[in-house]
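The values are calculated or read from the model by the stated rules, or taken from the named source; none is laboratory data. If you're wondering where the values come from, they're calculated on a predicted model, not measured in any experiment. Cβ placement follows ideal geometry from the backbone for every residue including glycine, while neighbour counts extend to all protein chains displayed. Protein only, heavy atoms only, side chains kept; ligands, DNA and RNA dropped before computing areas. Shrake-Rupley method; radii C 1.70, N 1.55, O 1.52, S 1.80 Å.
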Amino acid sequence: MRQIGMDKKIEKKKWTRKKIMYISGAVVLLLLVFFGFKSFNKKIFKVKASRLTVKEVIEGQFQDMILIDGDVESINLVLVNTLEGGSVKEIFIEDGVFVEKGTPLLQLSNPSATLGYLNQETAIIEQINNLRNLKLSLEKDQRNLDESLIDSENKLSETTRRYKTDSVLFSKDVIAKNDYIDVRESYKYEKEKRNLLSNNVKKSSQDNKVQIQQINQSINMMQRNLELIHENIEKMLVRAPVSGMLSSFNPVIGEAYGRNETVAKIDVQSGFKIKGQVDEYYLSSVKPGQMASFSFNGQLIDLKVKKVLPEVINRRFEIELLFANEIPEDITIGQSLQVRLELSKAQQSLMIPRGNYFQASGGQYVFVLDDQGEAHKRYIKLGNQNPSYYQVLDGLEKGDKFISSSYQDFKNYETIEIN
């Protein structure tokens with residue numbers, strides 16, 4: 001019987017041709033995907049050079065300033081306000097003429113207020129008459145007391161003479177004792193009466209003096225009230241408070257004005273100022289004494305901030321500027337100007353011109369040109385700005401050229417290929 005041997009184990013090959021082909025294909029595919037992704041991630045945008053504007057980074061004296069709108073006004077402009085409310089009854093003068101102080105401008109009518117003033121006037125006059133009558137009565141009573149005292153003094157003098165005479169006669173037994181006693185008692189009575197009247201006159205005089213003084217004070221006060229009432233009635237007539245050129249005076253017959261409402265302005269013609277409107281963002285940056293300027297008839301006119309009015313209205317606040325030197329002859333009230341307001345002193349800095357690129361980049365980056373006909377996105381840091389330039393703090397060097405036109409078409413790309 002033939003012995004059957006053990007089966008021999010056959011080892012499989014680890015790297016078959018088919019497996020190698022699969023692996024090679026996968027590697028090639030991965031490389032294609034990698035380089036394709038890398039190429040896609042580079043984000044190259046092609047654009048013609050004629051569609052771009054290129055500017056250069058420069059170095060020079062940079063000054064932080066802003067443009068504001070200003071209006072020329074009189075340096076001493078007086079407002080004409082109504083002192084009492086009412087409707088326009090009569091107009092005496094036209095706008096734009098020179099007026100003297102006290103010149104009537106318009107007459108207001110307010111029957112209700114006028115009637116109220118007249119009633120007050122009547123009541124005050126009645127009170128004054130009553131006080132004057134009381135004063136006359138006190139003065140008359142005082143005169144009566146004075147006359148009574150005089151009569152008493154005369155009676156006492158006569159009685160005194162009789163008493164002295166009868167005293168001598170009685171001592172010589174010329175007159176009876178009863179007659180002497182009658183004269184003596186009459187003398188004592190007249191003397192006491194005179195003393196009592198004298199005291200009453202003094203006290204009455206003092207009391208009346210105080211009371212009459214109070215009455216006079218009350219009458220004076222009421223007369224002042226009468227004067228105020230007359231002034232209030234007179235206030236219906238609006239007059240020029242100062243001499244000068246009348247402006248903004250456009251009333252209409254029948255038009256109603258309230259109390260303390262402005263009806264006109266008067267320029268006293270003592271000079272000019274410029275009132276400007278500034279964005280509230282710069283409220284902490286604008287101080288009195290800062291310089292400004294504007295172009296006028298080919299010349300640069302210097303200004304200085306005189307006053308900052310911090311009240312913010314519609315997100316803006318006002319400043320007043322005065323001319324630093326002579327005022328140009330052709331300047332007139334009402335002119336509108338564009339003023340360059342300086343926010344800082346000039347300093348040496350890198351600068352890039354303003355342009356449409358800022359709208360898309362927000363000043364965060366620019367596309368800088370290289371020598372190969374491409375522009376690459378470069379992130380930068382900007383500082384202050386003025387109407388012409390941005391101050392560069394980081395990311396650019398002097399002489400760098402960058403695209404300053406709009407980035408809207410390629411803001412999401414990293415590289416621009418220029419052809």
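Using the membrane-span-like helix rule (whole DSSP H runs, Cα extent along the own axis of at least 18 Å, mean Kyte-Doolittle hydropathy at least 1.0), which helices of the chain qualify?
Span-like helices in the chain: 17-41.
Which value, in Å² rounded to 10, gives the accessible area of residue 160 with a 1.4 Å probe and all protein chains present?
30
In vacuum, with every alpha carbon of the range 367-419 counted as one equal point scatterer, what does the Debye formula give for log10 I(q)/I(0) at q = 0.16, 0.25, 0.32 Å⁻¹? Two decimals, please.
Results for the range 367-419 at q = 0.16, 0.25, 0.32 Å⁻¹ read -0.53, -1.12, -1.34.
Provide the packing ranking of 134-143, 192-201, i.e. peptides ordered by the mean count of other C-beta atoms within 10 Å per residue, highest first.
192-201, 134-143
Quick check for you: with a 1.4 Å probe and neighbouring chains kept, what is the accessible area per residue of the chain, in Å²? Spell out each step's value before the answer.
On the way: 27900 Å² over 419 residues.
Here the residues of the chain average 67 Å² of exposed surface.
Quantify how much of the Cα-Cα distance distribution of the range 120-175 extends past 13 Å, in percent.
73
Dipole size in debye (nearest 20) for the chain around its Cα centre, Lys and Arg Cβ +1, Asp and Glu Cβ -1?
I would put it at about 4020 debye.
How much net charge surrounds residue 254 when only the other residues with a Cβ under 12 Å from the Cβ of residue 254 are counted, with Lys and Arg +1 and Asp and Glu -1? Present the calculation step by step, with values, prior to reporting the outcome.
Working: positive: 89; negative: 90, 255.
Once positives and negatives cancel, what remains is -1.
Write down the percent of antiparallel bridges among all DSSP beta bridges whose residues are both part of the chain, to the nearest 5.
Just about 95 percent of them are antiparallel.
For the range 363-379, just list the computed ³J(HN,Hα) in residue order, Karplus coefficients 6.51, -1.76 and 1.60, θ = phi - 60°, integers in Hz, with x standing in for Gly and Pro.
Taking θ as phi minus 60°, the curve returns x, 7, 7, 9, 9, 9, 7, 10, 8, 9, x, 10, 10, 10, 5, 10, 7 Hz for the range 363-379.
Determine the distance separating the Cα centre of the range 308-331 from the Cα centre of the range 237-271; give it in Å without decimals.
Comparing the Cα centres of the range 308-331 and the range 237-271, I get a distance of 23 Å.
Ordering 302, 69 from largest to smallest accessible area (1.4 angstrom probe), what's the sequence?
Correct descending sequence by accessible area is 69, 302.
With a cap of 12 neighbouring Cβ atoms within 10 Å, and only residues DSSP puts in a loop, list the trypsin sites (Lys or Arg not before Pro) found in the range 309-351.
Those that pass, being in a loop and sparsely packed, are 315, 345.
Could you pull out every residue, at least 5 positions away or on a different chain, whose amide H is within less than 5 Å of the one on residue 365? Hs are placed 1.01 Å off N in the peptide plane, and Pro or chain starts have none.
Close amide H contacts, sequence-distant or interchain: 380.
Give me the net charge of residue 409's neighbourhood, meaning all other residues with Cβ under 15 Å from the Cβ of residue 409; Lys, Arg count +1, Asp, Glu -1.
Combined, the nearby Lys, Arg, Asp and Glu give +4.
Tally Lys/Arg at +1 and Asp/Glu at -1 over every other residue whose Cβ is under 12 Å from the Cβ of residue 140; what's the total?
Around residue 140, the charge tally is -2.
Protein chains only, probe 1.4 Å: how do 114, 82 rank by accessible area, largest first?
Values: 114 40, 82 0 Å².
Correct descending sequence by accessible area is 114, 82.
Work out the FRET efficiency for residue 71 and residue 376 from their Cβ-Cβ distance, taking R0 = 35 Å, and round it to the nearest 0.05. Show your work: numbers first, answer last.
Numbers: r = 47 Å, r/R0 = 1.36.
Once rounded, the FRET efficiency stands at 0.15.
What are the residues whose amide H is under 5 Å from the amide H of residue 296, where those residues sit 5 or more places off or on another chain and H is modelled from the backbone?
Here the answer is 301, since their amide H atoms fall under 5 Å of that of residue 296.
Using only protein heavy atoms and a 1.4 Å probe, report how much of residue 163 is accessible, in Å² to the nearest 10.
50
Rg(Cα) of the range 145-285 divided by 2.2 N^0.38 Å?
Cα-based Rg divided by the globular estimate yields 2.75.
Quick check for you: which residues of the range 73-99 have the amide N under 13 Å from the point 7 Å beyond the Cα of residue 260 toward its beta carbon?
What the label zone holds, given the 13 Å backbone N cut-off, is 81-85.
Return P(r) of the chain (all Cα-Cα pairs; 10 Å bins starting at 0; whole %; ordered from short to long distances).
4, 11, 11, 11, 9, 9, 8, 7, 6, 6, 5, 4, 3, 2, 2, 1, 1, 1, 0, 0, 0, 0, 0
Among 211, 50, 244, whose Cα lies farthest out toward the positive end of the dipole of the chain, if unit charges sit on the beta carbon of Lys, Arg (+1) and Asp, Glu (-1)?
Of 211, 50, 244, it is 50.
May I ask for the distance between the Cα centers of the range 51-69 and the range 70-107, given as a whole number of Å?
Using only Cα atoms to place each centre, the spacing works out to 47 Å.
Given a Förster distance of 35 Å, report the FRET efficiency between residue 186 and residue 133 from their Cβ-Cβ distance, rounded to the nearest 0.05.
0.30
Suppose only helical runs count, i.e. DSSP H with n ≥ 4. What mean residue ellipticity at 222 nm does that imply for the chain under -39500 (n - 2.57) per run, divided by all residues and rounded to the nearest 500 deg cm²/dmol?
-13000 deg cm²/dmol
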